[in-house]
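Asker: Below is the structure I would like to discuss, written out as structure tokens.
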Amino acid sequence: MVDLKVLQAAGYDPEKMRKLFLPEGGEAARTEDIRRLIDLVSSRTREGVNRNLRNARWFWAIDQACDVTQYQISNTLAKGLIGRAKMDRAEIMSTVQEWGLSSMLTPEIDPETKRAKVDSLGRPVMKLDLPIFSAIHIPLCPQYLEVRWATLVDNRDQSPFFKYQPLVYSREGHLKAQLLTSRMERMTMDMGYRADFRQEVLMMLKYGVVFAFAREPYYREVHLREIVNEAGEKVYDPQVVREGVRYDFPHPSRAFVDLSHRLSTLNTDTGVSYAGYWDIYRFGDIIENKRYWLTDEERKEGKSMGSMSWIESQAWDMYAKLYPCSMQMPTEIFGKSTQRSELDRTTEAFRYTYNQRDNGVVRSNVYMKINPKDYGLFDYNGPVWFCFTMANDRTPLLVEPYCYTPVRVDQFNADQGLWRNPSMVNVILPFQDQLGNIMSQYLLTVRRNLINLIWYNKDAVHHSVIDKLESLGKELYTDINFMPISFREMSYEPTAGEPQNLFRPVQFSFTPTQEMVTAMMTLLDMVERAIGFTAQEVGSVASHVQTAEEVKTIRGYQNSRVVLTDAFIDSSMQAWKDQIYSAFMVYGDDIVMAEVADMNQISPEDLERLGFEVEVSPDRRAGVIGPKSSLTMSAFASDREGTRRSDDSQLATGLMQFAQTLFSVPEVVQAMGIDGIIDMFNTVSSFAGLPPEARIKAPSKEKLAEQAQLAAMAGAGGQPGQPGQPGQPAPGGGQPDVMGQLQEAMAQMHGQEMERMGQELKTQVIDPMQQAIKDTQGMAVQSSQRVQMLEEVLKAILARIPPGMAPQLPMTSA
């Protein structure tokens, strides 16, 4: 994190930055350092865009595999057209053209002449060819993708979404982390981070990699609020209603990155030095953006945006076929790629593309980490991230620094040595294609087995009878049909015989289909094992009766695959937490307004010591207002996410056991003193979530001195059962020993709570370890030893605790 105030003190100013890149004398007036910097940005943009164009077919195939559910609607539309009310020929043809069903219209053929039939006006008679069975595209990729997507999102659909925890636990650090968690939860709701996370996980599973780019350094929405000032006048005070970082998730075919380092280094800011994304924008959208460095005259005249000759025309032709664009590109550069195809969006969107304002412009955002002093930007000698918004190849629209790493990456089980890793869809795609082929062949085989061929005696049955039978359609089954036949002529026809012998059905050889069904089931089993799905997870029935041990083994294998994917997501989540924390501390409003759900977990005194004001409502919800500088922390335990997120109650259990051990040793109690004991008790209470009434207030120095004197007088005997022992009265009716009374009071106050936490310790620690012993055979011995060691440690601790204070912990030997 770079301090913005330090950059400003070093000479950074947005207006000065503009004059460096767009001097009054034009491009010729730029300094040598600025020209060198623009050449570097332009070179990296060209390389990244052209690489995207050449490799766009990989991601296009993934899109096609996931969009198969949208390609099989023709038959449904045709059936809907048949079921409509009576329509004349013009209406039918118009509807067929509008619905995109022209390919299903075929000319009707006269069986006698073998030619297309025509109506009275000489127009061909068309019929709707609606096959009984059609080619099937199994949506295997989107269905399995959704199952794993739901699992990963459900693991992190927690509240709060981001939980900040100090790297080293302390009461002050814990308090700061709670306030930050509350503040970032408000930012999560305002900026829609949960929806961003769902989209990010989906793209990660779908394409194998997704980049999250900060849209601007910081977003802030300010509204005016009417208040009454000290003079009693009504004035309008600006109030920040929402602020945070907004993100763009570009399609991977339009994103590029520094390949000289592993992509994982982007989340830690230890390697990758540049990344960017691009897209085609209207020229009018560019000049209307008020943030860009364009004067009013340039906006009216239409400033030139540079050349586009650096784009490889052959690569663009292929890209335009995969992702057709609705905007007109310069014909001298792209040639035939500007011609409209049947997939051109222009026909659908009806956009004007012959006006200069609607011509296409390649706008790219290139994020680079550079030393501003090396290029004469301002006098700061250190690495700083910058965002260069460029039009086409060399026209800077906006250049601004970012005080945090503005880019992070999410990968799917990635090999960091590869520049393009397979995604989950790539793994399933071969199975989807093969399953579709087998299903289509299965339906063709079934259709072939249903061939209905009947021979008839043409010497006895006139062809007009056959024509009438063929034209009856469904009336052949629903009505009574009469056909003329001369039994007298049949009696003279030697080849006719009886009427029932005039027709003879033909039975062709039957082709079995069971092998195809078996092949489809085998493919499904293979893909579920390859991805790590269980039969129960995908809603199917196992191929055989599974034992309890087999179910556990399969579930453990599936969980290990999910945990592997979780590890990559955790890396991105850690970078995300650091990103919004750094952005908030640099650009956020100086006054922090957080909401603490329950004051049971927060001490008002501790908050006030950090400089925060507390407002408590009747329902114990507290509004906290204070300076954001009080929330500065050196490091976070940010990798404790997902299933590894720690629980404060578990930490309180450990602290409680530790406190029990300390309080059982009189020498340690004497060394800690009253302040140390009270501080320990209050710390445990804070993490355990005990009510504020359970907090102990430290006595005054005068009271401590008086109690110490009484304790010294009462402790002269020093023998068990004599005055001076814990809980025994002092000689002459003096006050009992303070330490002994404190121990007894704590034993009474913590008895039930410690027993509950001891039960939680067994449930959350010992039982899962014992379950792991049964589930994983390879780790059985090691896990068993760990459980035994844990039990021995707990027993040793409990043995040192006096009987009046020891909680009853149910132990179960491994």
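Asker: Taking the alpha-carbon centroid of each part, what is the distance from the stretch 410-476 to the stretch 159-179 in angstrom?
Answerer: The distance from the Cα centre of the stretch 410-476 to that of the stretch 159-179 comes to 59 Å.
Asker: Non-local amide H neighbours of ILE138 (under 5 Å, H modeled in plane, Pro and chain starts lacking H): which ones?
Answerer: GLY436
Asker: Counting heavy atoms of the protein chains only and a 1.4 Å probe, report the per residue accessible area for the stretch 1-48 as a whole number of Å².
Answerer: Solvent-accessible surface per residue comes out at 59 Å².
Asker: Using a basic spin-label model with each label point 7 Å from the Cα along Cα→Cβ, how many nm lie between ILE227 and MET593?
Answerer: 1.0 nm
Asker: Solvent-accessible area of ILE677, probe 1.4 Å, all protein chains present, reported in Å² to the nearest ten, please.
Answerer: Surface accessible to solvent at ILE677 totals approximately 0 Å².
Asker: Moving on to the next point. Considering only protein heavy atoms, what per residue accessible area in square angstrom results for the stretch 380-460 with a 1.4 angstrom probe?
Answerer: 44 Å²
Asker: Here is a further query. Run the numbers for LEU105 and GLN441: contour at 0.36 nm per residue of separation, minus the present Cα-Cα distance, in nm.
Answerer: That works out to 118.5 nm of additional length.
Asker: Highest mean first, how do 217-230, 200-213, 46-59 rank when packing is the count of other Cβ atoms within 10 Å averaged over residues?
Answerer: Output ranking for 217-230, 200-213, 46-59: 200-213, 46-59, 217-230.
Asker: I'd like the accessible area for TRP455, computed on protein heavy atoms only with a 1.4 Å probe and all protein chains in place. Round to 10 Å², please.
Answerer: Here the accessible area works out near 150 Å².
Asker: Can I ask one more? Using a 1.4 angstrom probe with every protein chain in place, what is the largest-first accessible-area order of ASP459, ASP410, ASP39?
Answerer: ASP459, ASP39, ASP410
Asker: Take the cross-link list LYS19/LYS369; LYS5/LYS369; LYS5/LYS290; LYS369/LYS577 and give me the ones stretching past 23 Å between alpha-carbons.
Answerer: From LYS19/LYS369; LYS5/LYS369; LYS5/LYS290; LYS369/LYS577, over 23 Å: LYS5/LYS290.
Asker: Rounded to the nearest whole Å², what accessible area per residue is found for the stretch 108-220 with the 1.4 Å probe?
Answerer: With the other protein chains kept in place, the stretch 108-220 gives 48 Å² per residue.
Asker: Still on this structure, please answer the following. Heavy-atom accessible area of ARG186 with all protein chains present, probe 1.4 Å, nearest 10 Å²?
Answerer: 110 Å²
Asker: Given C-alpha coordinates of the stretch 391-431, what is the ratio Rg to Rh with the Kirkwood estimate of Rh?
Answerer: 1.21
Asker: For TYR247, enumerate residues with amide H under 5 Å from its amide H, sequence gap 5+ or separate chain, H modeled in the peptide plane.
Answerer: Under 5 Å from the amide H of TYR247: ARG215.
Asker: Another question, then. Please list 420-433, 509-522 highest first by mean number of surrounding beta-carbon atoms within 10 Å per residue.
Answerer: Descending mean neighbour count gives 420-433, 509-522.
Asker: How big is the gap, in Å, between the Cα center of the stretch 13-39 and the Cα center of the stretch 258-295?
Answerer: 19 Å
Asker: Stretched out fully, how many nm does the piece from VAL168 to GLN416 gain, at 0.36 nm a residue minus the Cα gap?
Answerer: Length difference between fully extended and current span is 86.2 nm.
Asker: Do the alpha carbons of any pairs in LYS16/LYS628; LYS163/LYS373; LYS176/LYS234 sit beyond 32 Å of each other, and which pairs?
Answerer: LYS163/LYS373; LYS176/LYS234
Asker: Okay, next question. Work out how much length GLU515 to ILE485 would gain on full extension: take 0.36 nm times their residue separation and subtract the Cα-Cα distance, in nm to one decimal.
Answerer: Taking 0.36 nm per residue and subtracting the Cα distance, the gain is 6.1 nm.
The values are calculated or read from the model by the stated rules, or taken from the named source; none is laboratory data. From a predicted model like this one, the values you see are computed outputs, not experimental measurements. Here Cβ is always computed from backbone atoms with ideal geometry, including for glycine, and neighbour counts include all displayed protein chains. Remember, those area values only see protein heavy atoms, side chains included, never the ligands or the DNA or RNA. Shrake-Rupley method; radii C 1.70, N 1.55, O 1.52, S 1.80 Å.
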